[in-house]
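Asker: Okay, here's the structure, questions in a sec.
The values are calculated or read from the model by the stated rules, or taken from the named source; none is laboratory data. The structure displayed is predicted, hence computed values, not measured ones. So basically every Cβ, Gly included, is an ideal-geometry build from the backbone, and we count neighbours across all protein chains shown.
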Amino acid sequence: MAGNFWQSSHFQQWVLDPPELFKNRQADLNVLTEDGYQKIMIFFANFIQSLGEQLKLRQQVIATATIYFKRFYSRNSLKCIDPWLMAPTCVFLASKVEEFGVISNTRLISTCQAVVKNKFSHAHPLEYPYRINLVLECEFYLLEMMDCCLVLYHPYRPLTEYFKELQQDESLFPLAWRIVNDSLRTDVCLTYPPYLISLACLHIACVIQQKDLRQWLAECNVDMDKILEISRQILALYELWKSYDEKKEIAAILEKMPKPNTSPTPTSAQDGSQQSQSVQ
């Protein structure tokens, strides 16, 4: 593990330029609107969050899984691997990388089935189709695509340090923490260093609670344009949520989503086999 963020693969290989991100999405944006693509990313971040909570994972494990998911699709089309398969694969890998412990194969799949049935049937009315053999195969492609750059730096630690330094009201910290969690539904985790994200979330929390952070931020000697751009993207997410009814809209959006090629192989569910999926 790198001694600090600036020496890590996270900084050197995985802080992406927004134009590069947009270019890599063009194949999907030929089929989907930008709004539709964002709603798909939000939906699967919510799915990963629900899986993690059901599996009783720490928030950092869930955040790592979410960023793995976003990293994969930052360089691959949605039709490359079905996001319904990639999401639990990212949770499975993140639990090992973050030293939570390996989730048992049967528990992972049974949790996927339960979460889809109980919380996401509006988007996936059928039984969750994938089995552990495909999760393990998918994990290989994920590791290869990320070039085994698995260690992530999250905004949670710098947020904790900044809060201690600020010595503000205790209610500010959980609000800023929730905003950090919400930021995972945007692209900022792919395009900005985590310390800037933590400062932007703290800034938003202070604005909500009507606390003046300007002097302290000026003393931090950070690029305020970047802080404001991160804040703008998070606030745009909140604006989208005001008019977005996921339960009513997401099924139609997922129907338009580019799909992977599959070769049907009807098999018994009891032997754990499943239709094979081709990864392009």
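Asker: Please pick out the residue among Ile81, Ile40, Ile48 that is under 21 Å from Pro194 (Cα atoms) and of a type in the set (A, V, I, L, M).
Answerer: Ile48
Asker: Could you please let me know if Ile62 is under 17 Å from the mean Cα position of the chain (by Cα), in the same structural domain as Arg131 (by TED's automatic domain parsing), at negative phi and part of a loop (DSSP other than H, G, I, E, B)?
Answerer: In short, no.
Asker: Which one of these does Pro158 not meet: (1) touching a His at 6+ places or on another chain (Cβ under 8 Å); (2) more than 16 Å from Val91 (Cα to Cα)?
Answerer: Looking at each condition in turn, Pro158 falls short on (1).
Asker: I've got another one for you. Can you tell me which of Gln210, Gln233 is out of contact with any Pro (no Cβ under 9 Å at 6 or more places or on another chain) and not in a helix (DSSP H, G or I)?
Answerer: Only one candidate qualifies: Gln210.
Asker: When you check Arg178 against the structure, is it in a helix (DSSP H, G or I) and without any contact (Cβ under 8 Å) to a residue 12 or more places away in the chain, yes or no?
Answerer: Details: in a helix (DSSP H, G or I): yes; without any contact (Cβ under 8 Å) to a residue 12 or more places away in the chain: yes.
Yes; evaluated as a whole, the condition is true for this residue.
Asker: Name the residue that is surrounded by the most Cβ atoms within 10 Å (Cβ to Cβ), counting only residues in the range 37-56 that are of a type outside the set (A, V, I, L, M, F, W, C) and over 16 Å from the mean Cα position of the chain (by Cα). Spell out the reasoning first.
Answerer: First, the residues of the range 37-56 that are of a type outside the set (A, V, I, L, M, F, W, C): 37-39, 46, 49-50, 52-54, 56.
Now narrow it down to the ones that are over 16 Å from the mean Cα position of the chain (by Cα): 54, 56.
Working: Gln54: 17, Lys56: 8.
Of everything passing the filter in the range 37-56, Gln54 is surrounded by the most Cβ atoms within 10 Å (Cβ to Cβ).
Here's the yes/no breakdown for (1) surrounded by 19 or more Cβ atoms within 10 Å (Cβ to Cβ); (2) touching a helix residue (DSSP H, G or I) at 6+ places or on another chain (Cβ under 6 Å):
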| residue | (1), (2) |
| --- | --- |
| Asp169 | no, no |
| Asp182 | no, no |
| Thr186 | yes, yes |
| Cys189 | yes, yes |
| Ile197 | yes, yes |
| Cys206 | yes, no |
| Asn221 | no, no |
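Asker: Could you count how many residues in the range 243-257 are assigned to a loop (DSSP other than H, G, I, E, B) and either in contact with a Cys (Cβ under 6 Å, 6 or more places away or on another chain) or charged (D, E, K, R) (or both)? Write out each step before concluding.
Answerer: Restricting attention to the range 243-257, the residues satisfying the condition of being assigned to a loop (DSSP other than H, G, I, E, B) are 244-245, 257.
Right, trim to either in contact with a Cys (Cβ under 6 Å, 6 or more places away or on another chain) or charged (D, E, K, R) (or both) and you get 245.
Summing the residues that are assigned to a loop (DSSP other than H, G, I, E, B) and either in contact with a Cys (Cβ under 6 Å, 6 or more places away or on another chain) or charged (D, E, K, R) (or both) in the range 243-257 gives 1.
Asker: Go through (1) touching an Asp or Glu at 6+ places or on another chain (Cβ under 9 Å); (2) assigned to a loop (DSSP other than H, G, I, E, B); (3) surrounded by 19 or more Cβ atoms within 10 Å (Cβ to Cβ) and name the single condition Leu93 misses.
Answerer: In the conditions (1) touching an Asp or Glu at 6+ places or on another chain (Cβ under 9 Å); (2) assigned to a loop (DSSP other than H, G, I, E, B); (3) surrounded by 19 or more Cβ atoms within 10 Å (Cβ to Cβ), Leu93 misses (2) alone.
Asker: From the list Leu78, Leu21, Leu93, Leu51, pick out the single residue that is of a type outside the set (Val, Ile, Thr) and either more than 22 Å from Asn133 (Cα to Cα) or outside the structural domain of Cys138 (by TED's automatic domain parsing) (or both). Outline the logic, then answer.
Answerer: Details: Leu78 fails: either more than 22 Å from Asn133 (Cα to Cα) or outside the structural domain of Cys138 (by TED's automatic domain parsing) (or both); Leu93 fails: either more than 22 Å from Asn133 (Cα to Cα) or outside the structural domain of Cys138 (by TED's automatic domain parsing) (or both); Leu51 fails: either more than 22 Å from Asn133 (Cα to Cα) or outside the structural domain of Cys138 (by TED's automatic domain parsing) (or both).
Being of a type outside the set (Val, Ile, Thr) and either more than 22 Å from Asn133 (Cα to Cα) or outside the structural domain of Cys138 (by TED's automatic domain parsing) (or both) holds for just one of Leu78, Leu21, Leu93, Leu51, which is Leu21.
Asker: For Phe100, work out the one condition from (1) more than 16 Å from the chain's Cα centre (by Cα); (2) in a helix (DSSP H, G or I); (3) in contact (Cβ under 8 Å) with a residue 24 or more places away in the chain it doesn't fulfil.
Answerer: With respect to (1) more than 16 Å from the chain's Cα centre (by Cα); (2) in a helix (DSSP H, G or I); (3) in contact (Cβ under 8 Å) with a residue 24 or more places away in the chain, Phe100 is out only on (2).
Asker: Among the residues of the range 106-116, are any surrounded by 15 or more Cβ atoms within 10 Å (Cβ to Cβ) and in contact with a His (Cβ under 7 Å, 6 or more places away or on another chain)?
Answerer: There is at least one residue in the range 106-116 that is surrounded by 15 or more Cβ atoms within 10 Å (Cβ to Cβ) and in contact with a His (Cβ under 7 Å, 6 or more places away or on another chain).
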